[in-house]
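Laboratory data are not the source of any read-out in this text; all were calculated from the coordinates shown. Note that this is a predicted model, so its numbers are computed, not measured. Note: ideal-geometry Cβ built from the backbone for every residue, glycine included; neighbour counts use all protein chains shown.
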Amino acid sequence: MAPRELRIGMVGYKFMGKAHSHAYRDLPFFFDTGVTPVMTAIAGRDEAGVRAAAEQFGFASCETDWRRLIERDDIDVVDIVTPNNTHAEIAIAAAKAGKHIICEKPLALTVDQAKQMRDAVNEAGVRAIVCHNYRFSPAIQYAKQLISSGKLGRIYHVRAQYLQDWIMDPEFPLVWRLRKEVTGSGALGDIGAHIIDLGRFLVGEITDLTATMETFIKERPLGEMSGGLNAKKDVNATGIVDVDDAAAWLAHFDQGALGVFEATRFAAGNRNGNRIEVNGEKGSIRWDLENMNNLQVYLVDDAPGLQGFRTINCTEEQHPFAGAYWPAGHIIGYEHTFINLFATFFQSIVDGTECKPDFEDGLQNERVLAAIEQSSERGQWVQVTQG
Ligand code: SOE
């Protein structure tokens, strides 16, 4: 019989910990998946920090060792919101313990690690999802429906950019997101992984690519290692930046589309500009996270004189997920993308159906990330291994 509750054990409690916790609390307001998430335990090394997070987010208990959390038999789902270098170990242990898994992106540091994670969940027969939350925006889901139904015809172009500017100050410290051993890569894995996911979701597999990567500020002050986007430097010492500040790549998709991608943390004025445009033989779509409820749609067959991009406010019942929230025109935000992702995941657990993006998708995303790094190093086109 399907469970009535899914007891969540979260590992980590910073930015994503807050986003996920908020989603667990709000989900039952809007979705009836047949199962209620129960915020059972949260783990973090710093006792005072994890206690404060448990209280603020609404978890019933806390642990200072994630292994303890995974051993508990009152946990059904392990949610991993820790830095990237810890995902593999935690996810593999969680799978072996028979827990379902929610894991932040990028899935792993390397393709090998991602493979091990994929194998572990397959062997254990548990369900796992990677938190590519943006594909759960109603407008992106609607774009997917338009593309899959052939409304845009054959797809020629995918043009995607993820533009941020939060590390442009050379005095911004060397936080974990800027250290290769902890994060894997810089702008590439942190935000490039999101636009790879959008491209794969909307159009298909990336088969080969050519890339270049750049680190503009090569040394930075040390500071709050675990700090986020508002971290402060705290000592008068510096360290070397060993990840990219920006990456750009050209790619071919399996059905023949040409992709142009850019991920950077040096696009002044762009706080979180995650944009994608797809051009097909019968029309185009455009989307920008900073205006996320709207999908721009252009259809070649519109009457002459009326041709142009129209703005579809994706808040109508016909738009995926939108009907679960407010009456049409009452917009939703960033945080709701996580609610939609969790609702989809929980529903798949109840129904016993497939749920994407799973660890196979996370692995394929890692293969693209690895190909971008290889291409940038070698100055050559690189084939992307297919699963
Ligand atoms: C920081 O670049 C960050 O929080 C990313 O880590 C997230 O994945 C992205 O959604 C927003 O920006």
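Points to keep in mind about this one:
- Annotation for segment 216-255 versus segment 33-55: alpha-carbon center distance of 29 Å.
- Since only Ala160, Gly192, Thr353 are under comparison, the one whose Cα sits farthest along the positive direction of the charge dipole of segment 136-378, derived from C-beta charges on Lys, Arg, Asp and Glu, is Ala160.
- Test item: Cα-centred dipole of segment 137-210, Lys/Arg +1 and Asp/Glu -1 on Cβ, debye: 420
- Under 13 Å, Cβ to Cβ, from Pro37 - net charge with Lys/Arg +1 and Asp/Glu -1: -2
- Structure remark: mean-square fluctuation, Gaussian network model of the chain, C-alpha springs under 10 Å; the largest value among Ala48, Ala187, Ala128 belongs to Ala48.
- Cα gyration tensor shape of segment 244-387, rounded if a/c is under 1.5, else prolate or oblate by comparing a/b with b/c: oblate
- For segment 136-237: rounded, prolate or oblate by the Cα gyration tensor [a/c cutoff 1.5]: prolate
- Amide H within-cut-off set for Arg7, under 5 Å, with H built and near neighbours excluded: Val38, Asp76, Val77
- Above-threshold pairs, the threshold being 21 Å between Cα atoms, out of Lys180/Lys233; Lys115/Lys144; Lys99/Lys356: Lys115/Lys144
- Each Cα pair under 8 Å and six or more residues apart adds its separation to the average, and for segment 4-133 the resulting relative contact order is 23 percent.
- Summing Lys and Arg as +1 and Asp and Glu as -1 over all other residues whose Cβ lies under 10 Å from the Cβ of Val126 gives a net charge of +1.
- In order along segment 284-300, the phi-based Karplus estimate (6.51 cos²θ - 1.76 cosθ + 1.60, θ = phi - 60°) of 3J(HN,Hα) comes to 9, 10, 9, 9, 9, 3, 5, 9, 5, 6, 9, 10, 8, 10, 10, 10, 4 Hz; Gly and Pro are listed as x.
- Loop-located GluC sites (Glu not before Pro) across segment 286-387 with a Cβ neighbour count of 11 or fewer within 10 Å are Glu317, Glu354, with loop assigned by DSSP.
- Applying the Karplus relation 6.51 cos²θ - 1.76 cosθ + 1.60 with θ = phi - 60° to segment 141-157 yields 3J(HN,Hα) values of 5, 5, 4, 4, 4, 4, 5, 5, 7, x, 4, 9, x, 5, 8, 9, 10 Hz, where x marks Gly and Pro.
- In segment 34-129, the trypsin sites (Lys or Arg not before Pro) that fall in loop regions by DSSP, at most 13 other Cβ within 10 Å: Arg45
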